[in-house]
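Read through the structure below, which is laid out as structure tokens, and then see the notes.
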Amino acid sequence: MKFSKILIIAAHPDDEMIGCGGTIIRLKGKNEIKVVFTCQTYDNRIDLKKKIGYIKRQSLAKKVSRFLRIKDPVFLNYNGLSLKRKDITNMSKSIYEEIIKFKPDIIFTHCIDDNHHDHRASAEATLIATRHNKSTDFIKKMLSYEIPSASDRLIKKNKTFNPNVFINISSQLKDKTKILNKFYKKELKSYPNLLSIKGIKNLNNLRGNTVNLESAEAFELIFEKIS
């Protein structure tokens with residue numbers, strides 16, 4: 001895989017590492033990588049304690065990017081707990097502005113049928129922002145990533161996450177889990193929860209074994225443009 005610029009759209013800090021952290025680690029050396037976080041994890045009206053917690057998560061996300069030696073993240077700060085149609089439209093405009101500034105070759109975003117409303121909204125806003133036209137002609141590929149417990153049973157009846165792109169992270173999985181433990185440990189669960197370190201490792205090993213690899217991160221291809 002050779003891409004000069006990679007943009008990752010994530011609802012919250014930790015989604016980027018859970019969904020495609022191994023891919024970031026694998027590709028960061030030869031590519032310019034940037035993460036855009038779309039949503040807050042609190043409601044301004046009711047929860048000051050959660051607001052303080054989110055500020056801490058923003059700080060951790062910045063530390064993760066510096067640790068990985070990728071570009072500083074962008075925070076759009078939409079209210080993920082009460083997103084409405086107008087918010088998604090505005091979010092798409094914000095994402096579009098970031099795309100125009102960064103000009104990525106490839107974009108990773110959430111699954112459009114994810115169980116979490118803010119994940120679905122982020123995916124929808126990304127799709128709106130990347131409608132094919134001259135201004136976004138530089139985008140060559142877009143993929144959606146999975147989040148354990150949020151995309152294993154999708155919002156659409158009888159639909160599951162159905163990956164058709166697998167990125168080998170056999171050499172990166174150890175570093176991925178170390179970073180999750182170091183920076184996002186409070187967001188993780190205890191095993192056997194899918195969002196535990198062991199649960200995430202099990203999923204990456206399963207995805208890898210599916211295509212005769214030790215470990216992989218799996219994605220659904222949204223589109224690929226070959227000129």
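Just so you know, all these numbers are worked out from the coordinates, no wet-lab data involved. Please read all numbers here as calculations on a predicted model, not as lab measurements. Neighbour counts run over all protein chains shown; Cβ positions are idealised from the backbone, glycine included.
Would the range 34-129 count as rounded, prolate or oblate if I go by the C-alpha gyration tensor, calling it rounded below 1.5 in a/c and otherwise prolate when a/b exceeds b/c, oblate otherwise?
Verdict is oblate for the range 34-129.
The range 47-97 and the range 157-198 have Cα centres lying 20 Å from one another. Taking 0.36 nm per residue of separation and subtracting the current Cα-Cα distance, fully stretching the chain between ILE52 and ASN115 would add 20.1 nm.
Projecting the Cα atoms of ASN168, HIS110, PHE75 onto the charge dipole of the chain (Cβ charges, centred on the Cα centre) puts PHE75 farthest toward the positive pole. At a Förster radius of 30 Å, what calculated FRET efficiency corresponds to the Cβ-Cβ distance of LYS62 and SER149, to the nearest 0.05? So, using R0 = 30 Å, E works out to roughly 0.75. The charge dipole of the range 5-224, taken about its Cα centre with unit charges on the Cβ atoms of Lys, Arg (+1), Asp and Glu (-1) only, comes to about 620 debye. Would you work out if the range 99-224 is rounded, prolate or oblate? Take a ≥ b ≥ c from the square roots of the eigenvalues of the alpha-carbon gyration tensor; rounded if a/c is under 1.5, else prolate when a/b is larger than b/c, oblate otherwise. Prolate. Bridge orientation summary for the range 5-224: considering DSSP beta bridges with both residues in this region, about 35 percent are antiparallel. Counted without the sites themselves, the longest stretch of the chain free of chymotrypsin sites (Phe, Trp or Tyr not before Pro) in a DSSP loop having at most 16 other beta carbon atoms within 10 Å is 4-137. Note that the range 60-76 has calculated 3J(HN,Hα) couplings of 5, 4, 5, 5, 4, 4, 5, 4, 7, 6, 10, 5, 4, x, 10, 10, 8 Hz, one per residue in order, obtained from phi through the Karplus relation 6.51 cos²θ - 1.76 cosθ + 1.60 (θ = phi - 60°); glycine and proline are x. Here is how the number arises for the chain: DSSP H runs of 4 or more residues each give -39500 (n - 2.57), the sum is divided by the residue count, and the result at 222 nm is -13000 deg cm²/dmol.
The phi-based Karplus calculation (6.51 cos²θ - 1.76 cosθ + 1.60; θ = phi - 60°) puts the 3J(HN,Hα) values of the range 123-139 at 5, 5, 4, 5, 4, 5, 5, 10, 4, 5, 7, 4, 5, 10, 5, 6, 6 Hz, whole numbers, x for Gly and Pro.
Apply 1/(1 + (r/R0)^6) to the Cβ-Cβ distance of PHE138 and TYR191, taking R0 = 35 Å, and write down the FRET efficiency to the nearest 0.05.
Given R0 = 35 Å and the Cβ-Cβ separation, E is 0.25.
Which of rounded, prolate, oblate describes the range 135-200, given a ≥ b ≥ c as roots of the alpha-carbon gyration tensor eigenvalues and a/c under 1.5 marking rounded, otherwise prolate only if a/b is larger than b/c? Oblate, since a/c reaches 1.5 and b/c is not below a/b. Summarising the label geometry, the points placed 7 Å from Cα in the beta-carbon direction at LEU213 and ILE100 lie 3.5 nm from one another.
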